[in-house]
Amino acid sequence: MKSRLIKRRHFLGLTLGLGLSSFSSRLKGNSSTKVPSVLILGAGLSGLYSALLLERAGFLVTILEGRDRIGGRIHTLKDLPGSPEAGAQGLSNLYSRLLSLGSRYGIQFQRRQRSARAKILFYIDGKVVSPAQWASSDVNQLSQAEKHILPPRLMTHYLRPNNPLQNREDWISSQYWQLDISLADYLKSQGASDEALRLMNVYPFSMNQIDSASALWGLRNDLLSQNPTSKPMRIIGGNSLLPETLAANLSSSIYLRKIIEEIRSSSEQVTVYCSDGSSYSADYALCTLPFSILRQIKIDPPIKGKQKEAVNNLPYTRVTQVYLSFKSPLKTRENIPLRLWSDSILEQIFPVKDEQGKVKGLTIWANGDNADRLDCLSTRQISQVVKSQLAKINPDLTNMVDIKRVTTWGSDPFSLGAYSHFAPGQISQFSNIMARPWQRIYFAGEHTGIIAPGMEKALESAERAIQELLAIVR
Ligand SMILES: Cc1cc2nc3c(=O)[nH]c(=O)nc-3n(C[C@H](O)[C@H](O)[C@H](O)COP(=O)(O)OP(=O)(O)OC[C@H]3O[C@@H](n4cnc5c(N)ncnc54)[C@H](O)[C@@H]3O)c2cc1C
């Protein structure tokens, strides 16, 4: 089995203002100083970026990854038409770390055109309704005051006007912790009707259900989505190009198929034990594994108190996607609902476009309970459910598509969820302690980021963890 992926390549070097070069020069200039070694657990974006930063600072780095590929929750399905993204979908011009990191390594970015809102259709209560028909449709059971609001806009309608958060880090400040309550309760207090609450449970962004997520988390997400200067971007060649490029520019060894089962931290070193019987030791470990995974791994000595509760209980959003390809190139697009928002098990449909903007397929996206319902079915049963739903939405569409693949993040053994969020009461308890170093173990990964969204959060978390490590070894 060839598990060593990359060995000794020239490192291009970064200058990220983290004081890495000065630390590295000091290490080199002092022959009596032992070069510190670090095991990085996980070769997702945060692990690979951490490795780059640590190499730059002069550390000896080894990366252990459980899958047979790098990239973790960044995964471009290059073998499917239009190369849909299974993991991270997109970025924006506000992802400053990601854009500058990618540009340094020659990655090219492209502005993504927003799809016109008019093209979306709603499939609610078994009936297809256009945005223009929505306010007067008989399936619109919203209160009189809400009838004009399109279903995907309901959450913003209730969160934005009274959102007290001003800055992106406000949500972890105790000043706002009275809002660390159920999002459903908060929305009710803002006047949302029962039907509005039901519709807001269809794809509530970055959570499973509105009653099992913190209102403060919802307000934080609303604040992040408010920036009027935000422009959607894409990586030319697909998002997987980013981790692949970072890995190709590392000198460190990356070992694949190393499923970590135990992490032991002594006064001298950290030793990590893998399912194949191998073990690795270093001065420190930097753990980027999602908490959904870490809670299954033995840590010795065990993490304690609220941090342990955070590891054990931080919720992850379950997402299941079904990718469809067109049997023949699309000609008459106008009758085909390429974007659909629905209260059925299919929840959302959106087009997969290639870099020229041509529609190559469709992605069906189910969240939370609907993802669970799909995950209980075999691929054949999923295919039957999808086809029968599509037949009700548009009979032509059923005959035009083939089901190519199903991705379930909720049951992926290396992530057990798509992204972390906070349940009511958890922000006040966990947000300030969950990423604290434990013994010789440091923590990074999107779940430990504060300010940025998605991939940028994974990068932000790596920078914070590296600063913590540098402060110890300096
Ligand atoms: C469906 C979906 C949609 C998304 N959409 C967006 C988006 O539009 N924009 C955006 O910015 N972000 C998005 N994200 C989030 C983004 O992908 C993540 O924030 C980011 O990739 C997380 O990187 P990470 O390094 O923190 O975690 P990961 O990528 O999960 O890295 C952790 C690594 O640890 C490995 N690992 C796990 N268990 C073990 C084990 N036992 N032993 C060894 N290795 C192990 C994993 O295989 C993985 O490689 C999305 C994610 C998903 C799933």
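Using amide H atoms built in the peptide plane, which far-off residues or other-chain residues are under 5 Å from M233 H to H?
Under 5 Å from the amide H of M233: L91, S92, N93, R112.
Peptides 384-393, 371-380: what's the order by average Cβ count within 10 Å, highest mean first? Intermediate values should be presented prior to the final figure.
Values: 384-393: 16.8, 371-380: 14.7.
Top of the packing list down: 384-393, 371-380.
Does region 153-224 come out rounded, prolate or oblate by the C-alpha gyration tensor, with a ≥ b ≥ c the root eigenvalues, rounded set by a/c under 1.5 and, if not, prolate when a/b is larger than b/c and oblate if not?
Working: a/c = 1.69, a/b = 1.67, b/c = 1.01.
Prolate, because a/c is 1.5 or more and a/b exceeds b/c.
How many nm is it between the label spots at E468 and T379, if each spot is 7 Å from the Cα in line with the beta carbon?
4.0
Sort 297-306, 72-81 for me by packing, meaning the mean count of neighbouring Cβ atoms within 10 Å per residue, highest on top. Before the final figure, lay out the partial values.
Values: 297-306: 13.2, 72-81: 19.6.
Highest-to-lowest ranking by the protection proxy: 72-81, 297-306.
Rank by packing, highest mean first: peptides 156-163, 427-434, with packing defined as the count of other Cβ atoms within 10 Å averaged across residues. Display every interim value, and only then the final one.
On the way: 156-163: 16.5, 427-434: 18.8.
So the peptides 156-163, 427-434, ranked by packing, come out 427-434, 156-163.
Within 15 Å, Cβ to Cβ, of Y419, how many net charges do the neighbouring residues add up to if Lys/Arg are +1 and Asp/Glu are -1? Write down the numbers at each step before the final one.
Details: positive: R73, R220, R318, K457; negative: E85, D412, E446, E456, E460.
Net local charge, Y419 excluded: -1.
In nm, to one decimal, how far is the K119 label point from the L60 one, both placed 7 Å along Cα→Cβ?
Each label point is offset 7 Å from its Cα along the Cβ direction, giving 5.5 nm.
Using a cut-off of under 19 Å, list every residue of region 426-453 whose amide N is near the label point 7 Å from the Cα of D185 along the Cα-to-beta-carbon line.
Counting only backbone N, you get 426-431.
If the cut-off is a Cα-Cα distance under 28 Å, which lysines reach K327, setting aside same-chain residues fewer than 8 apart in sequence?
Correct list for K327: K78, K119, K127, K353, K358, K360, K387, K392, K404.
Hey, rough spin-label estimate for L94 and T33, points 7 angstrom out along Cα→Cβ, what's it come to in nanometres?
About 3.8 nm, to one decimal.
Quick one: compute the contact order of the chain, relative version, from alpha carbon pairs under 8 angstrom and 6+ residues apart, as a percent.
Details: 932 pairs, mean separation 112.7, N = 474.
Here the relative contact order equals 24 percent.
Can you compute 3J(HN,Hα) from phi for each residue in region 133-147, using the Karplus curve 6.51 cos²θ - 1.76 cosθ + 1.60 with θ = phi - 60°, rounded to whole Hz and x for Gly and Pro?
With coefficients 6.51, -1.76 and 1.60, one gets 7, 4, 4, 10, 6, 6, 7, 7, 9, 5, 5, 3, 5, 9, 3 Hz.
Can you list the aspartates and glutamates whose alpha carbon sits under 17 Å from that of K231, skipping same-chain ones fewer than 8 residues off?
Cα-Cα hits under 17 Å: D222, E355, E456.
Would you mind classifying region 99-200 by shape? Square roots of the alpha carbon gyration tensor eigenvalues, ordered a ≥ b ≥ c; an a/c under 1.5 is rounded, otherwise it is prolate if a/b is larger than b/c and oblate if not.
Working: a/c = 3.17, a/b = 1.21, b/c = 2.63.
The shape class here is oblate.
How about K304: which lysines have a C-alpha closer than 27 Å to its C-alpha, ignoring those fewer than 8 places off in the same chain?
K258, K457
Coordinate-derived values only; no laboratory data. The structure displayed is predicted, hence computed values, not measured ones. Please note: Cβ atoms are built from the backbone with ideal geometry, for glycine as well, and neighbour counts cover all protein chains shown.
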